[in-house]
Structures are given as C-alpha cells and as structure tokens.
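The values are calculated or read from the model by the stated rules, or taken from the named source; none is laboratory data. Just so you know, these numbers come straight off a predicted model, no measurement behind them. Note that each Cβ is placed from the backbone with ideal geometry, even for glycine, and that neighbours are counted across all protein chains shown.
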Amino acid sequence: MPARSELFDAYALHGRDGTRVRMNFVSSADGAVTLGGRSGALGSDTDRELMQVLRAMADVVLVGAGTVRAEGYGGLKVDHDDVEWRRARRLDDQPALAVVSGGLHLDPGDTVFTEAVRRPVIVTTDAAAAADRDRFESVASVMACGEAGVDLAAMLDAFARRGWTQVLCEGGPHLFGALLDADLVDEVCVTLAPRFVGGRAGRIVQAAAEADRRFTLESVVTDDEGFVFLRYAHD
C-alpha cells in the first residue's frame, strides 16, 4: 500500500481560494460502478485509505440520497491524525456532510443522521423544504436551493457563504452527471479496480448529456493489489 503521505502529496490541494468540486469514484476495469449493487465492494484497502485522505482535505462531503441509502452511510468521521492535520490548517475538526435529496426521500432515523458527529445538511428544493423541513429539525439543517429541482450552483454559493469551498462529492452517478452538465466539476478522482464485472452495473456518470469534456491527468498512484488511482483536473 502507498504510504499515507504519498496519497496526501498526490492529491494535495493547491490553495483553498474559490470553490473547487472534487469527485471520487471507484470503477471496475470494464466500467462497472458497483458490484452486487454497492460501489464499496469494488474497493481495496488503499482505496478506503484514499477516501479518508480526501475527506480530511474537504470542507464538506457531498452525496446524493440514493447513494446514502445504497451504501449505508453512517456517521462520517475522520480519525485522530486527520483531525490534527486539519487543525494545523485551521479547519474544523470534521468535514461537514451534505446530502442532496430533491424530494426529501430520507428518514430522520437513518444512520447518516443518528450516527453523525457533526450536524448534517440536507440540500433540497424550495417546495420540499417548505413542506417537510420540520420533520428533520432535530437531526439536520435543511437548505432550500431551487424551485423545480436542486440548483447546484446555488448550493455551492450557499456552501461558500458557510466557508465550505473545498467540496468532495462521493456520488452517486446521477449527481455526478448533473454537476457535469452544469459545468461545476473541477477534479475527478477515479480508482480503477483490476476486476471485470459484466452484468448491468452502470457507469460512474449517469444522465449527463453527451459532450467532449476535457480533463488533464494530474497524477497516478498504484498499489501492490493492481489498483490504479487516477486524478484528473478540468482543463
């Protein structure tokens, strides 16, 4: 496994001025985003270590409600060493967690809320917030961003007003697609697993319009299990 310091170096942020949206996904070598319905089943020890490194660097971790349900998100938390790393850079001890749910199809009893170490934020539409905000008052803050659907640019502006400029998005594929369509993705981190899955698993991007979106390969890390860790930046 690469040293933790190698991962911090390979994925280092160059300044914290301005909003930066970084995606993190794992994919099989034949393009499958899940195995048995879960992306976590494709990962490795290094992949899980990298996830913690990326979370340690982030102001806020962004995730879609469908991914919260599929992956069984609990309380998002970085460990003691990462807390010290964050304190040295004058960051909050723990990154914030924001869940995107246009229809507020969540349950206040979900582990993402009950096990939270920091009060989560739910990003939803104006109408859903007006109709159902009170149901989540005890477990999360509800952020209304958009009328017909969630306005992702408005969401990022609202994050910036809170001081959350470094955004790590962990999916899912539809949220990735929406961010791409809105030209809001600055960086994509892809773990390529040495597995061929077949079946009907989707890709890491869903529902985005076809377009030639150019990214530059910034770094490549490998481990002794054959996993490849790719970092791309938007041109």
Discussion item. Given the condition in contact (Cβ under 8 Å) with a residue 12 or more places away in the chain, surrounded by 15 or more Cβ atoms within 10 Å (Cβ to Cβ) and within 14 Å of the chain's Cα centre (by Cα), answer yes or no: does some residue in the range 203-218 qualify?
Written reply: yes
Worksheet item: Only one residue in S27, S39 is within 14 Å of the chain's Cα centre (by Cα), within 12 Å of A201 (Cα to Cα) and touching a residue at least 60 places away in the same chain (Cβ under 8 Å). Which one?
Response: S39
Worksheet entry | Enumeration of residues in the range 186-235 that are among the hydroxyl-bearing types (S, T, Y) and in contact with an Asp or Glu (Cβ under 9 Å, 6 or more places away or on another chain) | T191, T216, S219, Y232
Practice prompt. Please verify whether the range 95-102 includes one or more residues that are surrounded by fewer than 20 Cβ atoms within 10 Å (Cβ to Cβ), closer than 23 Å to C169 by Cβ and either of a type outside the set (G, A, S) or at pLDDT below 95 (or both).
Written response: no
Fill in: From the options A182, A127, residue that is under 28 Å from R38 (Cα atoms), out of contact with any Lys or Arg (no Cβ under 6 Å at 6 or more places or on another chain) and surrounded by fewer than 21 Cβ atoms within 10 Å (Cβ to Cβ)
A182
Worksheet item: Under the condition of being assigned to a loop (DSSP other than H, G, I, E, B) and among the hydrophobic types (A, V, I, L, M, F, W, C), which residue from the range 136-155 is farthest from V21 (Cα to Cα)?
Response: V139
Worksheet item: Restricting attention to the range 52-73, does a residue exist that is out of contact with any Leu (no Cβ under 7 Å at 6 or more places or on another chain), part of a loop (DSSP other than H, G, I, E, B) and at pLDDT below 95?
Response: yes
Worksheet item: Out of all the residues in the range 167-186, is one or more touching a Pro at 6+ places or on another chain (Cβ under 9 Å), at negative phi, not basic (K, R) and not in a helix (DSSP H, G or I)?
Response: yes
Worksheet item: In the range 74-94, which residue that is out of contact with any strand residue (DSSP E or B) (no Cβ under 7 Å at 6 or more places or on another chain) and either among the aliphatic types (A, V, I, L, M) or more than 29 Å from D17 (Cβ to Cβ) (or both) is modelled with the lowest pLDDT?
Response: G75
